[in-house]
Amino acid sequence: MADASKVLSISPVIPVVTIDDPQDAVPLARALAAGGVKIIELTLRTESALTSLKLIADEVPDILVGAGTILTPGQAADAVSAGAQFLVSPGVTPALLTQMLTFDVPVLPGVATVGEVMTVLESGLDTMKFFPAGPAGGPNYLAAIGAPIPHVQFCPTGGISLATAPDYLKLPNVSCVGGSWLTPAAAVKSGDWNRITELAREAAGLNASV
């Protein structure tokens, strides 16, 4: 079973990225890397997402690219075939978790309740995505989970910003956060890669302030 803890140690923020035009994939990834963020969770929310994922995997070797919004076993297989180096799901079912664990890549299954955390623990994983972080209870909820289940590490995602990220990062059971603010749609559409590099640089420096 691949170790997901290494994925969470790469950057204090994992950019959660949706790309509409595959031509934006490589320059966007390079812009993040230039700002010191060497990881991307590319969501499978567009028809061309797998094309974008493959382009990043092939052409930007200093970025660890994973596939997010994995909803079905088939999506997991397609993502790995396209070059995904880790898999992230917003939630988890027994069938999906079993399938994701058949691949030799790290897996971050999504959880939102203590029961779901315990279910994933039974599979042998102790690193998870907490989603949707804000609506599900935020830092206070994660702190409460940490009391009875201190050995699980989380990457909270959903409703997190540069301003609120430190509230999560200061928790002992949070290794990093996921956020979409690093790649604003307007900046991607206009090709403002310098703006994305600036946002990545801010995010990469978050640990120093926590």
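The values are calculated or read from the model by the stated rules, or taken from the named source; none is laboratory data. Keep in mind that this is a model prediction, so the values were computed, not measured. Backbone-built Cβ (ideal geometry, glycine too); neighbour counts: all protein chains shown.
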Which condition number does residue 208 fail, the rest of (1) of a type in the set (A, V, I, L, M, F, W, C); (2) modelled with pLDDT under 95; (3) in contact with a Gly (Cβ under 7 Å, 6 or more places away or on another chain) being met? (3)
Among (1) within 20 Å of residue 32 (Cβ to Cβ); (2) touching a strand residue (DSSP E or B) at 6+ places or on another chain (Cβ under 8 Å), residue 136 falls short only on (1)
Return the total of residues in the stretch 175-199 being surrounded by 15 or more Cβ atoms within 10 Å (Cβ to Cβ) and either farther than 30 Å from residue 117 by Cβ or without any contact (Cβ under 8 Å) to a residue 40 or more places away in the chain (or both). 9
Unmet criterion (only one of (1) outside any helix (DSSP H, G or I); (2) over 17 Å from residue 14 (Cα atoms)) for residue 40: (2)
Kindly list, by first and then second residue, each pair from a residue in the stretch 140-167 that is on the phi < 0 side of the Ramachandran plot to a residue that is aliphatic (A, V, I, L, M) and exposed (fewer than 15 other Cβ atoms within 10 Å of the Cβ), limited to pairs with Cβ atoms under 9 Å and residues at least 6 apart or on different chains. 144/114; 145/114; 148/114; 149/114; 149/118; 165/210; 166/210
May I ask you to list the residues in the stretch 44-74 that are closer than 16 Å to residue 109 by Cβ and either over 16 Å from the mean Cα position of the chain (by Cα) or surrounded by fewer than 16 Cβ atoms within 10 Å (Cβ to Cβ) (or both)? 71, 72, 73
